[in-house]
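Note sheet for the following structure.
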Amino acid sequence: MDSEHLIDGYPSARVIIQIGNKRGYLYLSSLYGSYNIATDIHIPKDAIVVFFCPYCNSVLISKNLCDKCGAPMVAFEFVGGSKIQICSRKGCKKHFIEFEDLEKEISAFYNVYSVFFNPLSGEKEVK
């Protein structure tokens, strides 16, 4: 996470990208579902971008291909075992999240957000 490059008001996820023989930084919004980015190199529309870890320089590729456009998916793994995958083609909005332990993740989500919702009605409680 890069607290010097805020996107949507929060620290961005910084990666190194390569298009052809050009490399640069890409800053992704850390808010799931936001497509806001910043970069220091031009990314042509429909280009397939190669993503690298900014610390170890490993390629961040998944074994999955995008089911919308066929480009390789890029995988971001989290300490708890969850993964977010995004399409490597500029302009394709395909992405998904995987949980290693879905029951644990749902329980954690409920513990954080249940104070805002009435669990029986699904409606937001007014306090």
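Every number in this text was worked out from the coordinates using simple rules, so none of it is lab data. Bear in mind the structure is a predicted one, so any value in this text is a computation, not a measurement. Ideal geometry is used to build each Cβ from the backbone, glycine not excepted, and the neighbour counts take in all protein chains shown.
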Using the Karplus equation 6.51 cos²θ - 1.76 cosθ + 1.60 (θ = phi - 60°), what ³J(HN,Hα) coupling, rounded to whole Hz, does each residue of segment 85-100 give in order, writing x for Gly and Pro? 10, 10, 6, 8, 8, 4, x, 7, 9, 5, 7, 7, 10, 10, 10, 6
Any idea what the dipole of segment 2-116 comes to, in debye rounded to 20, about its Cα centre with Lys/Arg Cβ at +1 and Asp/Glu Cβ at -1? 580
Please grab the % of Cα pairs in segment 2-116 that end up more than 19 Å from each other. 51
Please list the non-local residues whose amide H lies under 5 Å from the amide H of Val50, H modeled 1.01 Å from N, same-chain partners needing a gap of 5 or more. Gln18
